[in-house]
1. Give me the percent relative contact order of the chain, please, defined on Cα pairs under 8 angstrom at least 6 residues apart.
2. With a Förster radius of 25 Å, plug the Cβ-Cβ distance of residue 17 and residue 127 into 1/(1 + (r/R0)^6) and report the FRET value to the nearest 0.05.
3. Measuring from label point to label point, each 7 Å out along Cα→Cβ, what is the residue 100 to residue 227 span in nm?
4. Under a crude label model (7 Å from the Cα following the beta-carbon direction), how far is residue 219 from residue 75 in nanometres?
5. Of 10, 177, how do they rank once you tally other Cβ atoms within 10 Å and put the fewest first?
6. If a/c stays under 1.5 just call it rounded; otherwise compare a/b with b/c (prolate if a/b is bigger, oblate if not). Do that for segment 86-156, with a ≥ b ≥ c from the square roots of the Cα gyration tensor eigenvalues.
7. Please find the FRET efficiency linking residue 107 to residue 33, where r is the Cβ-Cβ separation and R0 is fixed at 30 Å, and quote it to the nearest 0.05.
8. Rg and Dmax in Å for the chain, alpha carbons only: what are they?
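Nothing in this text is a laboratory measurement; each read-out follows from the coordinates by a stated rule. Just so you know, these numbers come straight off a predicted model, no measurement behind them. Cβ coordinates were reconstructed from backbone atoms using ideal geometry, including for glycine residues, and neighbour counts include every protein chain displayed.
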């Protein structure tokens, strides 16, 4: 069975204004556009391809502020509920990507998040599902949203190394991001590679090649890294954001 991948960052209970969320989203879209040509334009989802392509997402702060305000009025959202956005890149079949965003939610039960679903086949998949490109996407999320934790991995690997009962916390994957507020990283075995994300956190890349649940060596490495991170207290649940 072909593995499918996703990139996601998460943070808990950080209330922000509509303007702050819009500026963060603008920064993210700007950085995302530089990761791959297929990620330069975004559209709201619609019932048909023709209708969807008529609703392009304006990714500047002013346009995003308007979208968030209209959404809050339409759905009757309270300021503490945050602001959400979902869309796709306008591509069909092999090059299609999608994303969803929740920013500014003050709840301690529902995490804020930015989740990206990359292409699942074809040349776009081959371009995007590489460690350097996923690292740039995860870095873009970290820089724009300042999350507590992030991951880029396959759904199948998640099922292997993080059973449902363990997902109340964080878990190991192909690439991971840890905010400095979670604490220092322990020594990790080769071929794991670590990169700083400015003054915000650390990016951890388990292997330079595509990490798969069908590779026993990859699964064993993931479990080894997970044990080390658990002992260091880094795979604990998200914590409410302290202002």
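1. With pairs under 8 Å counted, the relative contact order is 24 percent.
2. Approximately 0.10, to the nearest 0.05.
3. The modelled label-to-label distance comes out at 3.5 nm.
4. 3.8
5. Values: 10 20, 177 27.
Going from least to most buried by this count: 10, 177.
6. Note, shape of segment 86-156 comes out prolate.
7. 0.50
8. My reading of the Cα-based Rg and Dmax gives 17.7, 52 Å.
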